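The values are calculated or read from the model by the stated rules, or taken from the named source; none is laboratory data. This is a predicted model, so every value here is computed, not measured. Note that each Cβ is placed from the backbone with ideal geometry, even for glycine, and that neighbours are counted across all protein chains shown.
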Amino acid sequence: MSKIAICFSFNTNKTSLAAKKIAEEFGPEMVEMVNAEKITPEEFLSYKKYVMGVPTWFDGELPNYWDEFIPALEDLDLKGRKFALFGNGDQKGYPENFVDGIGIMATVLEKCGATLIGYTSTAGYYFEGSKARRGDKFIGLALDFESQGKQINQKIKEWVALLKKEF
Ligand SMILES: Cc1cc2nc3c(=O)[nH]c(=O)nc-3n(C[C@H](O)[C@H](O)[C@H](O)COP(=O)(O)O)c2cc1C
């Protein structure tokens with residue numbers, strides 16, 4: 001099986017922590033850690049399966065490193081490639097824009113023909129609005145270290161089990 005690229009900024013704290021836990025759940029032989037701050041379109045296209053760490057910043061926006069990669073991403077043909085998105089957010093602090101970054105990235109990827117997998121239930125989360133929401137699901141995994149810190153390990157375990165079936 002080809003390796004899964006776990007793309008995230010190596011410069012983050014909580015996103016990096018989550019990415020490492022996700023990698024452990026898959027097992028090191030299944031994944032490669034890819035720094036989102038250094039990625040080139042050529043390197044990006046050398047994978048077929050991706051787990052992307054997309055936290056939300058600036059009241060409902062992507063962090064700068066993802067924003068800077070989006071114009072290059074928009075030019076890529078991603079048909080036949082599978083993407084699973086996880087994103088850190090804070091539902092108490094930013095209830096109107098909870099994990100919006102996941103939704104923004106999902107829309108870009110879908111326009112490029114990508115297939116999104118790893119949807120999870122919104123049950124147990126309390127927020128007012130989220131671009132990551134479709135019906136009663138998030139288009140990926142929402143991680144809230146601020147108010148659900150104790151649930152992170154279990155959520156990641158269950159999500160990776162789902163991804164192993166869907167990839
Ligand atoms: C200035 C600032 C703006 C933020 N905006 C949002 C937001 O709009 N929506 C959200 O869900 N979380 C928001 N957050 C919470 C972060 O996404 C959360 O702290 C996350 O864990 C950061 O992950 P990182 O440190 O790995 O980048 C914000 C945090 C800060 C400090």
Do we have any residue at all in segment 16-38 that's more than 14 Å from the ligand (Cβ to nearest atom), outside any strand (DSSP E or B) and closer than 19 Å to ASP67 by Cα? yes
Can you spot a residue in segment 39-57 that is surrounded by 18 or more Cβ atoms within 10 Å (Cβ to Cβ), more than 16 Å from the ligand (Cβ to nearest atom), in a strand (DSSP E or B) and of a type in the set (Phe, Trp, Tyr)? yes
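Here are some residues: PHE83, PHE8. Which one is within 21 Å of GLU158 (Cβ to Cβ), surrounded by 16 or more Cβ atoms within 10 Å (Cβ to Cβ) and away from the ligand (no atom under 13 Å from the Cβ)? Break it down stepwise before answering.
Values: PHE8 fails: away from the ligand (no atom under 13 Å from the Cβ).
Just one listed residue meets the conditions, PHE83.
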What are the residues in segment 145-167 that are under 14 Å from LEU85 (Cα atoms) and touching a helix residue (DSSP H, G or I) at 6+ places or on another chain (Cβ under 7 Å), if any? ILE156, VAL160
Given the structure, is ASP75 without any contact (Cβ under 8 Å) to a residue 60 or more places away in the chain and touching a helix residue (DSSP H, G or I) at 6+ places or on another chain (Cβ under 8 Å)? yes
Quick check, is LEU78 at pLDDT 95 or above, part of a loop (DSSP other than H, G, I, E, B) and buried (at least 20 other Cβ atoms within 10 Å of the Cβ)? yes
